[in-house]
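Written out below as structure tokens is the structure these notes cover.
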Amino acid sequence: MKRNRKILFAISFMLITTLACSGLAAPATATPTPPPTSTPVPVPLYQQVTLTSVPSQESGQPTSYQITIQTPTLTGSDDPRVKKFNDETAAIISNAVNDFKTRLNNLAPAPISASSYFDMKYELVSPPGNIFSIKFQTEGYVSGMAHPYHLIYSFNYDLEQGKDIAFSNLFLPNTDYLSTISQYCVAQLKTRDIGFSDIFAQGADPTPDNYKNWNIASDGLMITFDEYQVAPYVAGPQVVTIPYSALKSLIDPNGPLGSFVK
């Protein structure tokens with residue numbers, strides 16, 4: 001009897017040991033692996049702001065005049081780069097208005113009093129991105145003048161860098177880009193029925209002052225010549241847009257125009 005109990009105990013012990021070793025015991029609980037964390041991609045500043053047009057007007061006496069303005073203003077961010085943009089566009093407009101008022105004060109009163117006026121608008125020429133290329137267009141008239149005058153002002157600003165873009169920033173160092181641009185513009189102006197002749201040819205010579213009005217457009221580098229610069233008044237301001245492909249050998253691939261020639 002005792003012998004049978006010993007045998008039964010031995011068999012039970014062996015069965016328990018076998019079950020434990022065979023992995024039938026309760027499995028261990030696995031620790032879950034946390035998902036990898038990703039760093040959020042910062043939103044570019046140009047996508048945080050909106051270019052809005054802020055209208056304003058002014059009138060004066062005893063010399064009757066009316067001033068109407070559209071000021072390009074970036075809203076949506078207090079970033080210092082945005083403030084600098086707004087300060088600079090406001091300064092351009094202020095200088096143009098002061099120029100009109102100087103003309104107003106310098107001209108003698110006309111025998112027949114006519115109301116003087118000054119109007120300033122703008123156009124965003126550049127495609128969406130960090131570059132804001134703005135073309136200001138003005139029309140002014142002072143009582144006694146034969147006709148209104150029109151002047152163009154260009155403003156090119158890199159919002160990401162927070163600084164103005166100089167014309168030279170567009171091109172590789174030590175390249176004679178003005179000569180190439182001048183040759184292209186002269187060839188285009190000669191095809192137009194605008195009276196472009198020797199009298200006005202100097203207005204398209206390769207000098208920085210002749211090419212101060214430029215803008216970055218999606219289809220090319222836009223050059224604007226003021227009235228009287230390359231043609232008589234009746235022809236008005238002249239615009240020549242140079243395809244970026246015509247300037248590819250001169251453009252700095254790391255500069256503001258780099259994305260247009262890649």
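The values are calculated or read from the model by the stated rules, or taken from the named source; none is laboratory data. Computed from a prediction, not measured in an experiment: that's the story for all the values here. Every residue, glycine as well, gets a Cβ built from its backbone with ideal geometry; the counts of neighbours run over all protein chains shown.
Annotations
- Selection from region 189-213 of residues that are outside any helix (DSSP H, G or I) and either among the hydrophobic types (A, V, I, L, M, F, W, C) or out of contact with any strand residue (DSSP E or B) (no Cβ under 8 Å at 6 or more places or on another chain) (or both): T191, D193, I194, G195, F196, S197, D205, P206, T207, P208
- Taking every residue in region 137-155 that is free of Cβ contacts under 8 Å to residues at least 60 places away in the same chain and pairing it with any residue that is in a strand (DSSP E or B) and among the acidic types (D, E), at least 6 positions away or on another chain, the pairs with Cβ-Cβ distances below 6 Å are E139/D119; P148/E139.
- Filter result (polar (S, T, N, Q), in a loop (DSSP other than H, G, I, E, B) and surrounded by 13 or more Cβ atoms within 10 Å (Cβ to Cβ)) within region 162-188: T175
- Residue identified as more than 25 Å from P256 (Cβ to Cβ) and either touching a residue at least 60 places away in the same chain (Cβ under 8 Å) or assigned to a strand (DSSP E or B) (or both) among I134, I67: I67
- The criterion of being assigned by TED's automatic domain parsing to the domain that holds F85 and closer than 23 Å to N86 by Cβ does not hold for N215.
- Test result for Q202, buried (at least 16 other Cβ atoms within 10 Å of the Cβ), outside the structural domain of P128 (by TED's automatic domain parsing), in contact with a helix residue (DSSP H, G or I) (Cβ under 9 Å, 6 or more places away or on another chain) and under 28 Å from A146 (Cβ atoms): no
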